[in-house]
Each structure stands twice: as C-alpha cells, then as structure tokens.
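Here is the structure we will look at.
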Amino acid sequence: MFQRSPTNAGASDFVSDAFTDGRRFRVLAIVDDFSRECLALVADTSLSGLRVTRELTTIMTRRQRPRTFVSDNETELTSMAVLRWCQETRIDWHSIAPGKPMQNGFVESFNGSFRDEHLKKTLFSSLAEAREKITTWRDDYNAT
C-alpha cells in the first residue's frame with residue numbers, strides 16, 4: 001500500500017438516499033485520508049465520471065494535489081473520464097478489491113457516520129434542500 005501523510009491520499013465513495021417523494025439521489029463523498037477532513041459531499045440525481053473529475057479538480061484548486069486516490073470499483077470511478085484525469089494530473093488511482101470495503105476503511109466509516117447522523121434523520125423534499133442541509137452537516141463535521 002502507500003504511506004499516509006498530509007495531502008498524500010484522498011478517498012471517495014457514494015452514498016444513496018431518497019427524497020420524500022421516493023426519487024433517488026446520490027452523494028459523492030470525498031475525504032482526506034490523513035486529516036479525516038470531508039473535502040466534498042456532492043449531491044445530485046446523476047453523478048458521471050466527468051462530474052467526479054470536475055469536483056476533484058475544484059478541490060485541487062484549494063488544496064495540494066494528492067499523490068494517491070482510493071475508491072471502490074463503481075462505474076463512475078473507473079470511467080474513461082477518471083482514467084484520463086488521473087493521467088493528466090499524475091495521481092495514482094487505487095481501486096479496492098471487489099467485496100473488500102475495509103480497504104477503503106476511513107471513507108466507509110465516514111459514510112456510516114454521515115448516513116446515521118444525518119441522512120437517516122433528515123427528510124429532503126428537493127435537491128436544493130438536500131444540498132443545503134448536507135453542506136451544513138459537512139461544515140459541522142469538519143469543525144469538530
């Protein structure tokens with residue numbers, strides 16, 4: 001594996017939820033493996049590989065480029081857009097083995113906390129409301 005240190009490794013994963021009318025949405029969680037900071041929670045009804053790379057590029061304008069990024073094998077995270085972005089940014093992308101979520105343990109733990117502390121306790125009637133409440137939760141999480 002690789003040594004974890006500040007700005008050395010990031011990780012991402014998806015969490016799903018539903019609006020009060022039953023429509024589904026997803027949240028892309030991006031975390032710093034070393035500092036445990038949540039760098040982004042991106043909520044939308046569709047999140048493509050291209051959208052993932054745009055969010056990561058935005059984060060890199062505020063922070064140093066990580067050397068390594070870890071994710072599972074979801075389609076959005078193994079797309080040509082992500083592979084091209086990794087080549088362009090010289091970031092090593094590590095996909096965990098199928099069925100081995102603990103290889104990406106911190107983001108899995110983070111997602112559990114996010115789900116238990118916020119998603120299970122909050123009703124969302126719209127994407128705008130979900131984004132607002134999720135951003136507030138992320139700010140509180142990072143402040144503690």
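The values are calculated or read from the model by the stated rules, or taken from the named source; none is laboratory data. Source: prediction; values computed, not measured. Counting neighbours? That spans all protein chains shown, and the Cβs are built from the backbone with ideal geometry, glycine included.
Report, by residue number, each residue of the range 39-50 that is in contact (Cβ under 8 Å) with a residue 24 or more places away in the chain, of a type outside the set (A, V, I, L, M) and in a loop (DSSP other than H, G, I, E, B).
Passing the criteria: THR45, SER48.
Just name the residue that is farthest from VAL70 (Cα to Cα) out of those in the range 82-141 that are in a helix (DSSP H, G or I) and among the β-branched types (Val, Ile, Thr).
As a first pass, look at the range 82-141 and keep what is in a helix (DSSP H, G or I): 82-89, 101-117, 119-121, 127-141.
From what is left, the residues that are among the β-branched types (Val, Ile, Thr) are 82, 89, 107, 134-136.
Details: VAL82: 12, THR89: 15, VAL107: 9, ILE134: 23, THR135: 23, THR136: 25 Å.
My answer is THR136.
Can you name every residue in the range 82-131 that is over 16 Å from the mean Cα position of the chain (by Cα) and acidic (Asp, Glu)?
Correct list: GLU88, ASP92, ASP116, GLU117, GLU129.
Taking the conditions exactly as written (surrounded by fewer than 19 Cβ atoms within 10 Å (Cβ to Cβ), within 14 Å of the chain's Cα centre (by Cα), hydroxyl-bearing (Ser, Thr, Tyr) and at pLDDT below 95), does SER48 satisfy them or not?
Against the criterion (surrounded by fewer than 19 Cβ atoms within 10 Å (Cβ to Cβ), within 14 Å of the chain's Cα centre (by Cα), hydroxyl-bearing (Ser, Thr, Tyr) and at pLDDT below 95), SER48 qualifies.
In the range 51-81, which residues are out of contact with any strand residue (DSSP E or B) (no Cβ under 6 Å at 6 or more places or on another chain), more than 26 Å from TRP137 (Cβ to Cβ) and either part of a helix (DSSP H, G or I) or polar (S, T, N, Q) (or both)?
THR75, THR78, SER79, MET80, ALA81
Taking the condition of being hydroxyl-bearing (Ser, Thr, Tyr) and touching a residue at least 40 places away in the same chain (Cβ under 8 Å), how many residues in the range 51-91 meet it?
Looking only at the range 51-91, we keep the residues that are hydroxyl-bearing (Ser, Thr, Tyr), and these are 53, 57-58, 61, 68, 71, 75, 78-79, 89.
Filter again for touching a residue at least 40 places away in the same chain (Cβ under 8 Å), leaving 68, 71.
Residues in the range 51-91 being hydroxyl-bearing (Ser, Thr, Tyr) and touching a residue at least 40 places away in the same chain (Cβ under 8 Å): 2 in total.
So for the range 17-29 (the condition being touching a Cys at 6+ places or on another chain (Cβ under 8 Å), surrounded by 13 or more Cβ atoms within 10 Å (Cβ to Cβ) and under 21 Å from HIS118 (Cα atoms)), does at least one residue qualify?
yes
Name every residue in the range 34-71 that is in contact with a Leu (Cβ under 7 Å, 6 or more places away or on another chain), over 22 Å from GLN103 (Cα atoms) and of a type in the set (S, T, N, Q), in order of residue number.
Scanning the range 34-71 gives a single hit, THR45.
Any residue that is surrounded by fewer than 20 Cβ atoms within 10 Å (Cβ to Cβ), over 17 Å from VAL15 (Cβ atoms) and among the aliphatic types (A, V, I, L, M) - is there at least one of those in the range 52-69?
yes
Read through the list (1) loosely packed, with under 13 Cβ neighbours inside 10 Å; (2) within 22 Å of SER16 (Cβ to Cβ), then give the number of the only condition that LEU119 fails.
So the condition that LEU119 fails would be (1).
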